[in-house]
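The values are calculated or read from the model by the stated rules, or taken from the named source; none is laboratory data. None of these values were measured; they are calculated from a predicted model. FYI the Cβ positions are ideal-geometry reconstructions off the backbone, even for glycines, and counts take in every protein chain you see.
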Amino acid sequence: MVDEDTLSSVLSDFARTLITDFPIQGILDHLVERIVDVLAVTAAGVTLISPGMAPHYVAASNADALDFERLQTELGQGPCLAAYETGEAVSVPDMRRDNRFPDFAPAAIAAGMGAVFAFPLRHGAGRLGALDLYRDTPGALDPRDMAAAQTLADVAAAYLLNAQARQEALEISDRFRASALHDALTGLPNRVLLQQRLEHAAQRAHRSHSQAAVLFADLDRFKWVNDTYGHPFGDELLIAVARRLSAVVRPGDTLARVSGDEFVILCEDLAHVGDVMNLARRVDEAFLSPFDLAGTQVTMTVSVGIAYSGPGETVTDQLITHADLAMYQAKRLGGATHQVIDLRGASTAGDRNRLDRDLRSAMTGGQLDLAYQPIVRTADGALVGAEALLRWTHPTQGAIPALTTVSIAEQNGLIGGIGAWVLKRSCLDRGNWLAEHPGQPLDVSVNVSVRQLMTAGFCATVATILEATRMDPTALVLELTEGVFIEDGNRATSVLADLKAMGVRLALDDFGSGYCSLGYLRRFPVDTIKIDQGFVTDIGHDPSGVAIVGAVTNLAHVLGLSVTAEGIETQQQHDAVAAMGCEHAQGFLYSHAVPAADISSILRTGLDGSALRSGPPRPASGAGRVAVESDRGAA
Ligand code: C2E
Ligand code: MG
Ligand code: MG
């Protein structure tokens, strides 16, 4: 029989050991060990019970007791479960004379058990489990021992609750930490974790002179998939994409989902730049077969931008921004393609960062201007229009390429403002030309970027500018690239329809430089195709160049569209596109882009005037001259 002193020494021992950071299993082990020391029993066991679940925690003072604990759980019967269920101590002083546990008793007797006493581990009205005391001989337990055992069980329950609460808190904080760093849908690292890995890569690049690369992948037409098949389908697709991409990254690379349909792969410690291109190829291959989701098959393509830093160069999150910029270039060309921004050479990266900042003040500082490239009629070289091209003269870096300016503006959100300025300036300039040369039919073409077209209120801005500048809408040609169709075809359709309703004309720019889907030509209300310079350059070198330009021109004509050939530099190219029936052309052969005032001069005197001194040597005769035209042309 336990005396007061022993019990209180066990309790204070319990208190000392358990008050600290004792794990649950440790508490149970301690409980069963101490109890066989102080009570007249052969063994003790304890089982924690969670309704509907297999017991997580079992402890026993010896192997037999452990078997008895498990046996009761397996049978779903026994003093332990009874104490747990009723909340009352259960006493079985003689196993052979008890008929409450018909399944458990025979097995227990066969294993040499004489008596068992079970005590609930109580907390409030509920129970956590039960403590079992086993004896190999029959006989009741002294009431004071019964009370002492229940006291120990209660104390253990209190510590267990404490430990459980601590453990749950730990699990929650682990889960929270994981969820703060991972995307809930795909389980991939999120932007925060990517940022941490990038910092890690930066330290590593600094230490080991390694290079890093970022691949920015954005699904083409994801929004369309979402709208067509519903968001749950879109979610499934993203999960499937995450799975395929996970399979192509190298161990040690970080694949993150940074937003909606955007994935980023960070490659640290690159041995060769070629490794990135291999990775890009594997990313492409990952999209070759269609995604089969619940019986629906969708074929997806992806636009990828790549940026990398040279050995030992500072790696910053600008690498992501630049990969994103490159990705936009890929999109601009119609998606399903790669673009690389090569940042090797820290000065280039630094320059771009500065440009990003400087563009904000460029507009107000009068550094932005427009140059106009004449568009001529191939038949007779007559001037039919002028394409406005953005020019940024940086105070220290001089002329910044238009594509760089536009991609930076698309990134930092200035494209809306800059685009509106370009449009208004173009309309005003055309107004001035016509004021000087009344009655001259002359179109003005303005490039519109993907982001700009998709901005809410774009059509309203166009309408306002047309009205404010008293511009004839039919003389305005907006030049779009195929990129607008892959992002959100439905929205593009409705914006383009609104523009058409205003009377504005539309041209598909750089046709053939990117994804080049002829399907777009039928679906979208464009008036003109501008054949990319890339095809024109092939004329004279590669017979397929002629064949492609010819085929596209024929197709355009079948669809009732006019064709402009871009980038004509030689008489041979001019002759070829003219022979194939391209109505219009532009290129250095006729004129470089010139200041607005020079267009006025051309209207006055034609190319033979003095306006185009900045241009290349001009052809001596024939159609390679800009003449003032007398009828309306297309873009
Ligand atoms: P784009 O609309 O296809 O414009 C034609 C580009 O080709 C211009 O380059 C022009 O200078 C160049 N080019 C014209 N003829 C020849 C030629 O015979 N040979 C060669 N090698 N090049 C020729 P630029 O001005 O650098 O503009 C590049 C692109 O930037 C434009 O391509 C257009 O997509 C974009 N862009 C220019 N201005 C704007 C703008 O105001 N807004 C938007 N969104 N994009 C613009
Ligand atoms: Mg253009
Ligand atoms: Mg073009």
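For ALA212, the conditions (1) touching a helix residue (DSSP H, G or I) at 6+ places or on another chain (Cβ under 9 Å); (2) modelled with pLDDT of 90 or more all hold with the exception of (2).
Here VAL422 meets the list (1) β-branched (Val, Ile, Thr); (2) more than 40 Å from the chain's Cα centre (by Cα); (3) within 13 Å of ligand 1 (Cβ to nearest atom) almost entirely, failing just condition (2).
May I ask you to verify whether ASP253 is of a type outside the set (Lys, Arg), touching a Cys at 6+ places or on another chain (Cβ under 6 Å) and assigned by TED's automatic domain parsing to the domain that holds MET300? Quick ask: steps written out before the conclusion?
Numbers: of a type outside the set (Lys, Arg): yes; touching a Cys at 6+ places or on another chain (Cβ under 6 Å): yes; assigned by TED's automatic domain parsing to the domain that holds MET300: yes.
The answer is yes for ASP253.
Within the stretch 378-418, being over 33 Å from the mean Cα position of the chain (by Cα), buried (at least 23 other Cβ atoms within 10 Å of the Cβ) and not β-branched (Val, Ile, Thr) holds for GLY381, LEU383, GLY385, ALA386, GLU387, ALA388.
The lone criterion from (1) away from ligand 2 (no atom under 16 Å from the Cβ); (2) touching a Ser or Thr at 6+ places or on another chain (Cβ under 9 Å); (3) under 14 Å from THR564 (Cβ atoms) left unmet by ALA399 is number (3). Does the stretch 211-223 include one or more residues that are assigned to a helix (DSSP H, G or I) and within 23 Å of PHE291 (Cβ to Cβ)? Yes: one or more hits.
Regarding GLN571, is this residue within 30 Å of ARG523 (Cα to Cα) and either in contact (Cβ under 8 Å) with a residue 24 or more places away in the chain or more than 16 Å from ligand 3 (Cβ to nearest atom) (or both)? In short, no.
Would you pick out the residues in the stretch 60-103 that are among the aromatic types (Phe, Trp, Tyr) and modelled with pLDDT of 90 or more? Correct list: TYR84, PHE101.
Table: residues versus (1) buried (at least 18 other Cβ atoms within 10 Å of the Cβ); (2) of a type in the set (Lys, Arg); (3) touching a Ser or Thr at 6+ places or on another chain (Cβ under 9 Å).
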| residue | (1), (2), (3) |
| --- | --- |
| ARG175 | no, yes, no |
| VAL192 | no, no, no |
| LEU237 | yes, no, no |
| ARG257 | yes, yes, yes |
| CYS267 | yes, no, yes |
| VAL276 | yes, no, no |
| LEU279 | yes, no, no |
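Taken over the stretch 466-483, the criterion of being modelled with pLDDT of 95 or more and small (Gly, Ala, Ser) is satisfied by ALA468, ALA475. Residues in the stretch 487-506 include none that are crowded, with 20+ Cβ neighbours inside 10 Å and closer than 20 Å to ALA596 by Cα.
If the condition is being away from ligand 3 (no atom under 16 Å from the Cβ) and more than 25 Å from GLN318 (Cα to Cα), then the stretch 371-405 contributes ARG377, THR378, ALA379, ASP380, GLY381, ALA382, LEU383, VAL384.
Output the residues belonging to the stretch 535-552 that are crowded, with 21+ Cβ neighbours inside 10 Å and more than 13 Å from ligand 1 (Cβ to nearest atom). Write out each step before concluding.
Residues of the stretch 535-552 crowded, with 21+ Cβ neighbours inside 10 Å: 535-536, 539, 549, 552.
Once the filter is applied, which keeps residues that are crowded, with 21+ Cβ neighbours inside 10 Å and more than 13 Å from ligand 1 (Cβ to nearest atom), the stretch 535-552 yields VAL549, VAL552.
Any chance the stretch 173-182 includes a residue that's outside any helix (DSSP H, G or I) and of a type outside the set (Asp, Glu)? Yes.
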